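The values are calculated or read from the model by the stated rules, or taken from the named source; none is laboratory data. None of the values given here were measured: they were computed from a predicted structure. Just so you know, the surface numbers come from the protein's heavy atoms only, side chains and all, with ligands and any DNA or RNA stripped out. Shrake-Rupley method; radii C 1.70, N 1.55, O 1.52, S 1.80 Å.
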Amino acid sequence: MMAEVQAPVALPGHRADTLSIMVTRRCTMTCGHCSVESSPRVAELGPGEDELRRWLHEAAAAGVRAVNFTG
């Protein structure tokens, strides 16, 4: 299960307005330096469409203005 969306984290006096969402950890490569342990062998499913929509609504309510999708 993926983590819940939380308010953006920023340094005091700064505002975080960008969110990155990894929709899957499945990857065609097996890089030894991968910080999220992605690979072709990862079988877990990512969030569904409804969950992604909920995350985006929560992020917008928290002040996020840009979203990067990866995975």
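Once you have the Cα-Cα distance between GLU51 and VAL23, take 0.36 nm times their residue separation minus that, and quote the gain in nm to one decimal.
Once the chain is fully extended between GLU51 and VAL23, it gains 9.0 nm.
Around MET22, which amide H atoms from residues at least 5 apart in sequence, or from another chain, sit under 5 Å from its own amide H, with H modelled in the peptide plane?
Under 5 Å from the amide H of MET22 lie the amide H atoms of THR70, each far enough along the sequence or on another chain.
How large is the convex hull of the C-alpha atoms of region 10-71 per residue, in Å³?
It comes to 98 Å³ per residue, whole-number rounded.
Step through the residues of region 41-47 one at a time and calculate ³J(HN,Hα) from phi using the Karplus curve (6.51 cos²θ - 1.76 cosθ + 1.60, θ = phi - 60°), rounding each to whole Hz and writing x for Gly and Pro.
Working through the residues one at a time gives 7, 5, 9, 5, 8, x, x Hz.
Whenever you get a sec, compute what percent of the accessible area on region 12-63 sits on carbon and sulfur atoms (1.4 Å probe).
55 percent
Multiply the residue separation of ALA60 and SER35 by 0.36 nm, subtract the distance between their alpha-carbon atoms, and state the gained length in nm to one decimal. Display every interim value, and only then the final one.
On the way: separation 25, 0.36 × 25 = 9.00 nm, distance 2.69 nm.
Length gained between ALA60 and SER35: 6.3 nm.
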